[in-house]
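Structure first, commentary second.
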Amino acid sequence: MQIFGFLGNILGYALWAAFYVFQNFGLAIIVFTVIVKLLILPFSVKQQKSMAGTARLSKKQKELKEKYGNNRQLLQEEMNKLYEKEGIKPMGGCLTTIVPMLVLFGVFYAVAYPLTNTLHLNGDAVNSAVTYMSKIPGYVANSNPNYQQIALLDLFKYDQFVAQSSTINSLFTADNIAAIDHFSDGFGMFGLDLLSVPADHGFWSVYLIFPALCLVSNIGSQFIMTKVNSSAMGQQQGCMKVAMYLLPLFSAYITYSVPSALGFYWFISAIISLIQSIVLAKVLSPAKLTANSEARHAALLFANEAKVPYVYAPSESASAGNVNAKKKKKK
């Protein structure tokens with residue numbers, strides 16, 4: 001958890017910078033997501049090339065399996081030789097799967113702990129303020145310990161709380177209080193509060209839109225990408241098909257129990273990933289990679305042939321000798 005907390009602290013600087021420019025956390029998340037996708041684009045390109053390359057070699061792979069199917073070690077060795085010869089790395093796309101998940105956890109910690117990970121206020125002062133907040137008469141504390149900073153940020157929406165609280169004023173500087181106050185007003189998006197947790201509002205509240213968007217976007221993304229990359233992905237096994245629909249359900253469940261800002265990020269990330277994947281699948285399709293490979297192979301053969309001196313056949317050698325002799329006589 002400390003690793004994810006550290007990551008959230010780092011990503012918090014990027015989120016705060018985007019918020020500082022756009023003055024709205026929803027817009028900041030959109031810009032932040034686009035930047036993240038651009039940064040990992042080279043790895044996404046490698047992943048698509050790996051998938052398309054594997055599909056291009058499916059016929060050769062099948063032949064190797066038929067030939068060495070009884071010897072798994074030899075089969076693996078021959079497969080590795082084939083991949084090396086064709087310049088394909090089957091595990092080349094793993095990073096594009098790991099990085100988005102790390103960013104997702106980082107965004108959660110940046111959103112769940114906005115005062116220490118996004119505004120980067122003193123942790124001791126924030127903890128003292130949270131402790132003081134829990135002792136306010138009539139205040140009902142959030143049962144989730146991860147969201148205490150969000151609750152404190154919500155209290156800053158009430159100017160009377162800050163004005164009459166000598167404890168809060170003693171814990172933070174005037175600049176800190178101004179920053180918190182300004183930050184607390186920037187989480188509105190289409191009339192909804194991105195700091196709110198959908199589960200806190202009941203199952204049929206309007207905040208259910210965030211888990212629903214996550215569910216639909218992830219299922220749609222999985223379905224469309226299966227169609228687009230059908231040749232590259234090959235025949236899916238039963239467990240893969242189950243995972244394709246269970247993972248979106250899991251994402252919807254998680255989104256229901258975390259601040260809406262995380263669900264909004266997950267939705268935007270899924271949409272951008274879908275668009276990016278469709279474009280890459282068209283540009284780097286197995287057919288295009290095969291055509292490019294054949295073109296490079298033909299160019300290489302032509303270049304090698306140009307370097308080799310022409311060897312005359314016996315009849316051609318005699319003819320060439322007579323021509324050279326006649327040229328000497330004329331001179």
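Across the range 1-23, the number of residues qualifying as touching a residue at least 12 places away in the same chain (Cβ under 8 Å) and either loosely packed, with under 15 Cβ neighbours inside 10 Å or in contact with a Leu (Cβ under 9 Å, 6 or more places away or on another chain) (or both) comes to 9. The set of residues in the range 148-182 being surrounded by 14 or more Cβ atoms within 10 Å (Cβ to Cβ), among the hydrophobic types (A, V, I, L, M, F, W, C) and modelled with pLDDT of 80 or more consists of ILE150, ALA151, LEU152, LEU153, LEU155, PHE156, ILE168, LEU171, PHE172, ILE177, ALA179, ILE180.
If the condition is being over 28 Å from the mean Cα position of the chain (by Cα) and either modelled with pLDDT of 90 or more or not assigned by TED's automatic domain parsing to the domain that holds ALA252 (or both), then the range 183-198 contributes no residue at all.
One residue stands out in the range 225-253 among those that are at pLDDT 75 or above and surrounded by fewer than 16 Cβ atoms within 10 Å (Cβ to Cβ): the one that is nearest to GLN149 (Cα to Cα), namely TYR253.
The values are calculated or read from the model by the stated rules, or taken from the named source; none is laboratory data. These figures come from a predicted structure and were not determined experimentally. Here Cβ is always computed from backbone atoms with ideal geometry, including for glycine, and neighbour counts include all displayed protein chains.
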